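What follows is one structure encoded as structure tokens, with my remarks underneath.
The values are calculated or read from the model by the stated rules, or taken from the named source; none is laboratory data. Please read all numbers here as calculations on a predicted model, not as lab measurements. We place every Cβ from the backbone using ideal geometry, glycine too, and count neighbours over all the protein chains shown. The accessibility values were calculated without ligands, DNA or RNA, using every heavy atom of the protein model including side chains. Shrake-Rupley method; radii C 1.70, N 1.55, O 1.52, S 1.80 Å.
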Amino acid sequence: MKSATKFIHAGVHPDPSTGAIMTPIFQTSTFVQDGPGKHKGYEYARTQNPTRTQLQNALAASENGEYGISFGSGLAATDTLLKLFKPGDEIISTNDLYGGTYRLMRKVWETYGLKFKFIDMSNADNISKHVTPATKMIWVETPTNPLIRIIDIKACAAIAKKAGALLAVDNTFASPYLQNPLDLGADMVMHSATKYIGGHSDVVHGCIITSNKEIADQLYFLQNACGAVPGPQDCFLLLRGLKTLHVRMQRHCENGEQIAHFLRQHSKVAKVHWCGFEDHPNYAIAKTQMRGFGGMISFELKDNTVAAAEKVLSSTKLFACAESLGGVESLIGHPASMTHASIPREERIANGLVDSLIRLSVGIEDAEDLIEDLKQALG
Ligand code: P1T
């Protein structure tokens, strides 16, 4: 099945009791049983909910996976995934990643005995050097947030396999339309579905998709045992968002390309990070593992100061200054003081996240209007 058909139909069925073509919002906390243990597959809404079941099936299909497990946020998904590991286990993670994921790993899970190494993965050979017998997972985010670096998923899968470790990929920036890590050898895909999958900036949600039954069973167990589950209304919004993912992503890619080229020739811009430039260090990998380059762009100013960045951020009229990304409307953010403020400045700068870096989530408005807005804000 091609992706346009898959996102609309795969994994979902009309409601068997009414024929409703859209999955109803089963706003109930419990399900009546004919007698103890005699039920229709649903007992209590933390454990299962029919709206969530349909969403989980649809999400699994979107990533060509067997099992989808949904959570109340992207971080709740990652938190649950990290519970697969034990004190002393080592996780190798990329050094350019969402600040909240870094905070969860460093400030929460390190205190429970997990060990993390944050390394540059833009050359996959660098990963092998860090593998030890304690390495149990490689955590990849690609494209990375916010420097749009590209990591070679196939190469990481080979390294993980050799090390007897799992490979998990945060696929939030690409979405299942542009990239399918399971097809490239990953064991698990994680999404902040708050972003492109939801697509309308009206829901917070996370999910993990896998085709490994043993991992899925553990994750379903943890989903119920720890309880970071989404509500049925949120699941409904995600089901609706997923149906238009392909058309939205096509426009995000088109607009992203125009804006990246506009920024690159601007006299006040020092550097543009976008994986569709042929001189991007990992363009060749992006071209093979992705179907398009997406709508996430970041850029540095020649005046490399927080003040200069703040001036641009407070001058845009269409681009709204806000955290998050992947919605139909364009957003502008300053990673150093917003999404990545939890990373110490020295570490941030050492990894290339400079003070003036500005991040754009290019929406699906008219590209000319967006360019006009950036022109006046940079001017
Ligand atoms: O916000 P939440 O749904 O919990 O997802 C966390 C998350 C995980 N992974 C990536 C790559 C992300 O970008 C995020 C959330 N990011 C933002 C809120 C942001 O503005 O970058």
Legend entry - Phi to ³J(HN,Hα) by Karplus 6.51 cos²θ - 1.76 cosθ + 1.60 over segment 14-30, Hz, x for Gly, Pro: x, 4, x, 7, 10, x, 3, 6, 8, 4, x, 7, 7, 7, 9, 9, 8
Inset, instruction - Set Lys and Arg Cβ to +1 and Asp and Glu Cβ to -1, take the dipole of segment 245-378 about its Cα centre, and tell me which of Ala377, Gln289, His246 lies farthest positive. - result: Gln289
Legend entry - 5 Å binning of all Cα-Cα separations within segment 87-194, expressed as whole percents from 0 upward: 2, 13, 25, 26, 21, 10, 2, 0
Legend entry - Kirkwood hydrodynamic radius over Cα pairs of segment 171-254, then Stokes diffusion coefficient at 10 °C and 1.306 mPa s, in µm²/s: 115
Legend entry - Ellipticity estimate at 222 nm from DSSP helix runs (n ≥ 4, -39,500 (n - 2.57)) divided over the chain, nearest 500: -10000 deg cm²/dmol
Legend entry - Calculated P(r) of segment 76-122 - Cα pairs past 14 Å, %: 46
Inset, instruction - Could you work out how far the C-alpha centroid of segment 3-22 sits from that of segment 29-106, in angstrom? - result: 21
Inset, instruction - Starting from the Cα coordinates of the chain, work out the convex hull volume and express it per residue in Å³. - result: 136
Legend entry - Flagged links, alpha-carbon separation over 30 Å, of Lys154/Lys311; Lys154/Lys375; Lys195/Lys311; Lys154/Lys195; Lys117/Lys271: Lys154/Lys311; Lys154/Lys375
Inset, instruction - Filter the cross-link list Lys107/Lys317; Lys6/Lys83; Lys86/Lys107; Lys136/Lys287 down to pairs whose alpha-carbon distance in this structure exceeds 25 Å. - result: Lys107/Lys317; Lys6/Lys83; Lys136/Lys287
Legend entry - Whole-percent carbon and sulfur share, accessible surface of the chain, 1.4 Å: 53
Inset, instruction - Step through the residues of segment 286-291 one at a time and calculate ³J(HN,Hα) from phi using the Karplus curve (6.51 cos²θ - 1.76 cosθ + 1.60, θ = phi - 60°), rounding each to whole Hz and writing x for Gly and Pro. - result: 4, 5, 8, 9, 10, 9
Inset, instruction - For the chain, find the longest principal axis of its Cα atoms and tell me its angle to the long axis of helix 245-264, 0 to 90°, nearest 10. - result: 10
Inset, instruction - Can you quote the Å³ per residue value for the convex hull of the Cα atoms in segment 216-266, rounded to an integer? - result: 149
Legend entry - Peptide ranges 179-190, 209-220, 302-313 listed from the most packed, as the mean C-beta count within 10 angstrom indicates: 179-190, 209-220, 302-313
Legend entry - Antiparallel DSSP beta bridges within the chain, as percent of all bridges there, nearest 5: 55
Legend entry - Rg in Å to one decimal, and Dmax rounded to a whole Å, for segment 245-378 via C-alpha atoms: 14.2, 40
